[in-house]
Amino acid sequence: MADKKKSKAIWDVKIVRSAILQSLLKLNPRKMMGNPVMFVVEVGSVVTTLLLFRAHSSFSFNLQITLWLWFTVLFANFAEAMAEGRGKAQAETLRKARAETMARRLLPGGGEEMVASAKLRSGDEVLVVAGEFIPGDGEIFEGIASVDESAITGESAPVIREAGGDRSAVTGGTRVLSDQIKVRITSDPGSTFLDRMIALVEGAERQKTPNEIALNILLAGLTIIFLLAVVTLQPFAIYSGSPQTVFVLVSLLVCLIPTTIGGLLSAIGIAGMDRLVQHNVLAMSGRAVEAAGDVNTLLLDKTGTITLGNRQASEFIPAPGITAAQMADAAQLSSLADETPEGRSIVVLAKTQYGLRGRELAAHEAVFVPFTAQTRMSGVNLDGREIRKGAVDAIIKYLQQHGTVLPKDVQASVETIARSGGTPLVVAENRRALGVIHLKDIVKGGMRERFTQLRAMGIKTVMITGDNPLTAAAISREAGVDDFLAEATPKDKMDLIRREQAEGKLVAMTGDGTNDAPALAQADVGVAMNSGTQAAKEAGNMVDLDSNPTKLIEVVEIGKQLLMTRGALTTFSIANDVAKYFAIIPAMFAATFPVLNVLNIMHLKTPESAVLSAVIFNALIIIALVPLALRGVAYRARSAEALLRRNLLIYGVGGLIAPFIGIKLIDVLITGIHLA
Amino acid sequence: MTANGWIQIIVFLGLILAVTKPLGIFMARVFSRERTFLDPVMRPVERLLYRMTGVDEDHEMRWTEYALTMLLFSGVSMLLLYAIERSQQLLPWLNPQHLPAVAPALAFNTAASFTTNTNWQNYGGESTMSYLTQMVGLAYHNFASAAVGIALAIAFIRGIARREKETIGNFWVDMTRATLWLLLPMCVIGALLLVSQGVVQNLKPYDTVKLVEPQQIQKTGPDGKPMVGQDGKPVMDTVATQTIAQGPVASQEAIKELGTNGGGFFNANSAHPFENPTPFSNYLEMFFIFAIPAGLTYTLGRMTGSQRHGWAVWAAMAVLFLTGVTTAYWAEAHGNPLLSGVDQRTSLAQPGGNMEGKEVRFGIADSTLFATITTDASCGAINGWHDSYTPLGGMVPLVNIMLSETVFGGVGAGLYGILIYVVLAVFIAGLMVGRTPEYLGKKIEAYDVKMAMLVTLVFPFIILVLTAISSVAGFGTSSISNPGPHGLTQILYAFTSMAGNNGSAFGGLNGNTLWYNTAGAMTMLVGRFFMIIPMLAIAGNLAKKKYVPPSLGTFPVTTPLFTVLLVGVILIVGALTFFPALSLGPILEHLQMVAGKTF
């Protein structure tokens, strides 16, 4: 799997080292303002620092509190820097591909000039010959070439790119291995595909997604509520005759406001983006990743996504009076020169089922008849045998020309195969039908299970195919998709998307051709194949560098995982507060009202140790959860009800209990080494 | 605690369960302007009203117009009440006791109080308000403010139910129909039932009767303190007569409960034998408090097409209700641990437990049940003295109000209050299913969260800030009657009750001062309208949204799991906000009481 190959250890030394430096630089208040929760913590830290040498209470306690408050801010910054660092590391490999190259720009009047690739503008035309780097994103308008795209995709096998059709787009930084092509540049420097990719993974261009904004509002609101609760506590404390020090009040505030999620929120977002890149998918915006989580309907192309790219021979059904071996022999002979995957699969089937080895035909007078659009048959003339294979109607025509007809039984087999979703090929020898070859679409392994999972998550899958409805129905049954669109034209596809969207559903699809572009643009999540046309890539909001349409499912999963991680940590963060109250409130007032020690259910040693333990727990939990934020919470394809139950149990109930244990442990530790 | 007590509590919840569906269906029909059995009587009246006032009943309002109309209506109504209070001695009718004009600060406080459905009373009804003021001023608001609340809840439900629409209904129509179809008919029946139990209904001047047994009481001096003679002995006075207040009580009593208003005709509220004479009338009043709020959950389910969601909300309310009543009942039935030498056991001869401040005819179970209900709902009627409850028993009413009165809650206000919590619960936990949070097919986005947070913020803001000021400033602390944590609880309860538009008094706090009258009036106005406006904004925003059909991946809002989640969010948000204040108030008092210290 691509993600396994590229995923790094969470605590990569180099990334950690630079993240530590970054977390200090991020203390700049102007940068902190973007995160209201952590900004409040920073302000609190500044206040306690300023008061440190003026306060009359225990210096050692105040100092420790102040330090841990700073650590809280730094830990949050560190989490963000870690996520960015991992993105940067990814960008670094990409950037290597962007090295300055010289390009041969074609002059309007003919001829060419050498210019730096950075000087190329959209609309320029360049010539790229074998061994050269393609200077920028563009479209081939003349020629065909094999291109090494490993810089972007990590895939070392070269790909063919040619003018016209759906494989005409090339990416700057990739290398032409053979032949030469003329390319029309489609992007200005700084906005090429690679540039955008680098900016995105580095987090430089990261804009807050709608969901993140909403969550930020919630967190800011909670922060204000807790600010109120703490600020008004001082008058109540004065009324009760036990006023509190600023250090203790700030500690309570910082413990209560949702620092855990506040500190990890941007790291979660960056990490989500990063996970997509690890899957070799480039999203044009964070919004698209979120939308992926919300998708209700997946449009999947049959070929390449649900089925293996090609149909394969699965059975020989001989006509009456013909043995299967006879028929297999004829079928294999007719296909020996047939280089199509279907043809090869016939040879293989004959070999595996009837032990017919590929024969040396040079000794015979073999004349191969290639497939033509007119005859729609192929075959071989060999030692007086005239073997033909082709579509039913073509063979019927062939037989009619020779005055014979297709036997009833063969006709029946043909219909059975068609009904089951297969493609029948009839084999005839010397004007006599020998039987039918059953060509079958092979559903990729594991697809059925995935569709079942998707259904459990409430996602509908629709198979898009050019096949007739009968064939489409059979395959969709076998693959287990919910619905299919047969004989689909680009317009049908578009109509389907509109229909789904009118019902309020979000639709995701993949596409590569120029005729897919409108649908890709209309879909809420449009994943364009990197091998596709520039138009398709522009229209979609994600590009799959591996050009693997099945990956749409993973994209959806990553989107969901991103949202789940945010929700889980928010719930965890809020649930944590209960324990912190039980640690700090009795500690605040136990000196004046010893009876309040009943609330000290953790039996924390001293008021100082209690407050300190809560603050330390609050800081350390951020670091402890960095791996979870970067990896995302464990994802399982289940119904919303099941997911909610599981996550509420782990992060809600767990969030209630964990800090009781954590704070108690820290208390035992720090009283043990006499810090408080 | 006795089996009898438990049976009464369970039967009560059973009755509420039984009325939820029929009343819910009826309300859904009324507000969808479908035919009901009352149409032949009410429809002509309704049409006549619209013709007289020039209301176009087919006109649909955007949320802004709805809010503005509601504010305008409430503002004018409030001014009207203020004017009546200030001029009651000049008005020629229905003032047999010749009561003088109400003082400005008190009149302002009362006007704000009744307009906001709070019915906080810094006065005693029988000694302050003329019959005219009671009937035209106060009872009018009991109907109007309740109708406004119901209208708002219906508008919010429409916001959820409508798809890609700009409007959420017509305020005038909703309010008129709430009054004509719902409040008036039920009140007529209720008032008659109450009269049958002995609740008075007359316009007579107060009676003076001879006491069977003249009483010796200590004289009160000109400084307001009990007089002491030069020999150090109290100066006594013999009292041989008693004034018995009269008035049109029954007609006001029914709407007091049904509209979750709670403003008593008399100072003693539903503890007064003329307001609430028998255990049956007590049960009836409690039933009336919860009836409409419970029914609205069914209306929610019906109008949004998700009946199970309505029940899930109902269940969350029922869980919180039972938790509250169990705690209060337990605390009061166990009595005061300091009175160890006194027999506090329940027997045939005595109710047992802590009977201080409770009416003997109601006993512990029905008193704690009433206290829980009146504070769960934003009613505020009382049949006992919450101030005299044990600290934990008294904390239950306080906490109930702190949960924003979402446990069935005020008429309308309870429903839209809990729906704000639903929005928050859906948003917090909704992300955990890996989708943008959805509530009944509507996406919950930044704008909705912002408005929901505003609603959630306003409430603790006014309570905590004003309690904090009152607890350290002289003008605040001078009104409390007990020192220590109990005094803090008195202040906290007062502002919580006013902000939550509950209106029940903890008792013990002298609220009739310039500070408490003015700050209180502001608290009530902010607590009502500053929460309504963002709430309506959410409704308007939800109505505009596209509907996302539910699938297996949709966040479930119809299951027991959701009920648990909703209860959890309500408790945690409430607890996290108010725990510090509570810990220095009732919690501290309880712990000190256990340790032998009282205030």
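On inspection, B:Leu296 fails the criterion of being touching a His at 6+ places or on another chain (Cβ under 8 Å) and among the aliphatic types (A, V, I, L, M). What single numbered condition from (1) closer than 21 Å to B:Phe288 by Cα; (2) open to solvent by 10 Å² or more (accessible area, probe 1.4 Å); (3) at pLDDT 90 or above fails to hold for B:Phe362? Going through (1) closer than 21 Å to B:Phe288 by Cα; (2) open to solvent by 10 Å² or more (accessible area, probe 1.4 Å); (3) at pLDDT 90 or above one by one, B:Phe362 breaks only (3). Taking every residue in segment B:343-358 that is in contact (Cβ under 8 Å) with a residue 12 or more places away in the chain and pairing it with any residue that is of a type in the set (Lys, Arg), at least 6 positions away or on another chain, the pairs with Cβ-Cβ distances below 7 Å are B:Gly352/B:Arg345.
A residue that is of a type outside the set (Asp, Glu), closer than 18 Å to A:Ala629 by Cα and at the interface with chain B (Cβ under 10 Å from one of its Cβ atoms) cannot be found anywhere in segment A:268-289.
The strands (runs of 3 or more DSSP E) located wholly in segment A:153-247 that include 1 or more residues which are over 30 Å from A:His279 (Cβ atoms), open to solvent by 40 Å² or more (accessible area, probe 1.4 Å) and modelled with pLDDT of 80 or more occupy A:180-185. From the list A:Glu478, A:Glu487, the lone residue that is open to solvent by 70 Å² or more (accessible area, probe 1.4 Å), away from chain B (no Cβ under 14 Å) and outside any helix (DSSP H, G or I) is A:Glu487. The residues on offer are B:Trp120, B:Trp172, and the sole one that is modelled with pLDDT of 95 or more and among the hydrophobic types (A, V, I, L, M, F, W, C) is B:Trp172.
For segment A:315-334, which positions are assigned to a strand (DSSP E or B) and in contact with a helix residue (DSSP H, G or I) (Cβ under 7 Å, 6 or more places away or on another chain)? Within segment A:315-334, A:Phe316, A:Ile317, A:Pro318 qualify. Among residues that are open to solvent by 10 Å² or more (accessible area, probe 1.4 Å) and either within 9 Å of chain A (Cβ to nearest Cβ) or within 30 Å of A:Ile238 (Cβ to Cβ) (or both), B:Val472 is included. All conditions in (1) at negative phi; (2) open to solvent by 30 Å² or more (accessible area, probe 1.4 Å); (3) over 21 Å from the mean Cα position of the chain (by Cα) hold for B:Asn510, with the sole exception of (3). Applying the criterion of being under 28 Å from A:Met447 (Cα atoms) and surrounded by fewer than 22 Cβ atoms within 10 Å (Cβ to Cβ) to the residues of segment A:311-336, the residue that is modelled with the lowest pLDDT is A:Arg311.
Look at (1) open to solvent by 50 Å² or more (accessible area, probe 1.4 Å); (2) within 27 Å of the chain's Cα centre (by Cα); (3) in contact (Cβ under 8 Å) with a residue 12 or more places away in the chain and you find that A:Ala76 fails only one, number (1). The number of residues in segment A:407-433 being more than 18 Å from A:Ser378 (Cα to Cα), open to solvent by less than 40 Å² (accessible area, probe 1.4 Å) and polar (S, T, N, Q) comes to 1. Screening B:Leu99 against (1) among the hydrophobic types (A, V, I, L, M, F, W, C); (2) within 27 Å of B:Val249 (Cβ to Cβ); (3) surrounded by 18 or more Cβ atoms within 10 Å (Cβ to Cβ) leaves a single unmet condition, (3). Residues of segment B:434-468 that are β-branched (Val, Ile, Thr) and either closer than 18 Å to B:Ser583 by Cα or touching a His at 6+ places or on another chain (Cβ under 6 Å) (or both): B:Ile463, B:Val465, B:Thr467.
The residues of segment A:519-541 that are more than 14 Å from chain B (Cβ to nearest Cβ), touching a helix residue (DSSP H, G or I) at 6+ places or on another chain (Cβ under 6 Å) and of a type outside the set (Gly, Ala, Ser), listed by number, are A:Leu520, A:Gln522, A:Val527, A:Thr533, A:Asn541. Only one entry in A:Ser285, A:Ser335 is farther than 17 Å from A:Met509 by Cα and of a type in the set (Gly, Ala, Ser), namely A:Ser335. Does segment A:381-397 include one or more residues that are closer than 16 Å to A:Ala313 by Cα, outside any loop (DSSP other than H, G, I, E, B) and open to solvent by 50 Å² or more (accessible area, probe 1.4 Å)? For segment A:381-397, residues closer than 16 Å to A:Ala313 by Cα, outside any loop (DSSP other than H, G, I, E, B) and open to solvent by 50 Å² or more (accessible area, probe 1.4 Å): absent.
Based on this model, can you work out whether A:Ala508 counts as in contact (Cβ under 8 Å) with a residue 12 or more places away in the chain and not basic (Lys, Arg)? Taking the combined requirement at face value, the residue satisfies it.
If I filter segment A:444-472 down to residues being crowded, with 19+ Cβ neighbours inside 10 Å, of a type in the set (A, V, I, L, M) and farther than 12 Å from A:Thr423 by Cα, which single residue comes out as nearest to the other protein chains (Cβ to nearest Cβ)? Per the stated criteria, the residue is A:Met457. Only residues that are open to solvent by less than 10 Å² (accessible area, probe 1.4 Å) and over 13 Å from the mean Cα position of the chain (by Cα): list them for segment B:253-268, please. Selection gives B:Glu253, B:Ala254, B:Phe265, B:Phe266. Exactly one residue out of A:Leu300, A:Leu264, A:Leu308 is more than 30 Å from A:Ile574 (Cα to Cα) and either touching a Lys or Arg at 6+ places or on another chain (Cβ under 9 Å) or at pLDDT 85 or above (or both): that is A:Leu308. In segment B:523-562, of all residues being among the polar types (S, T, N, Q) and touching a residue at least 40 places away in the same chain (Cβ under 8 Å), the one that is farthest from the other protein chains (Cβ to nearest Cβ) corresponds to B:Thr523.
Take the conditions (1) part of a strand (DSSP E or B); (2) in contact with a Pro (Cβ under 6 Å, 6 or more places away or on another chain); A:Val414 misses just one of them, which is (1). Among the residues of segment A:295-310, the one identified as in contact with a Pro (Cβ under 8 Å, 6 or more places away or on another chain), surrounded by fewer than 20 Cβ atoms within 10 Å (Cβ to Cβ) and in a helix (DSSP H, G or I) is A:Gly304. Would you pick out the residues in segment B:406-459 that are more than 28 Å from B:Ala499 (Cβ to Cβ), aliphatic (A, V, I, L, M) and either away from chain A (no Cβ under 13 Å) or without any contact (Cβ under 8 Å) to a residue 60 or more places away in the chain (or both)? Matches in segment B:406-459: B:Leu431, B:Met432.
Per-residue answers, yes or no, for (1) in a helix (DSSP H, G or I); (2) within 24 Å of B:Ala315 (Cβ to Cβ); (3) under 26 Å from the mean Cα position of the chain (by Cα); (4) not hydrophobic (A, V, I, L, M, F, W, C):
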| site | (1), (2), (3), (4) |
| --- | --- |
| B:Val548 | no, no, no, no |
| B:Thr554 | no, yes, no, yes |
| B:Val564 | yes, yes, yes, no |
| B:Gly568 | yes, yes, yes, yes |
| B:Leu571 | yes, yes, yes, no |
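Can you name every residue in segment B:316-359 that is under 13 Å from B:Thr2 (Cα atoms) and outside any helix (DSSP H, G or I)? Once the filter is applied, which keeps residues that are under 13 Å from B:Thr2 (Cα atoms) and outside any helix (DSSP H, G or I), segment B:316-359 yields B:His334, B:Arg345, B:Thr346, B:Ser347, B:Leu348, B:Gln350, B:Pro351, B:Gly352, B:Gly353.
The values are calculated or read from the model by the stated rules, or taken from the named source; none is laboratory data. Note that the structure is predicted; figures quoted are calculated from it, not measured. Because the Cβ atoms are built from the backbone with ideal geometry, glycine has one as well, and the counts that use them run over all protein chains shown. Accessible surface is based on the protein model in full, side chains and every heavy atom, while ligands, DNA and RNA are left aside. Shrake-Rupley method; radii C 1.70, N 1.55, O 1.52, S 1.80 Å.
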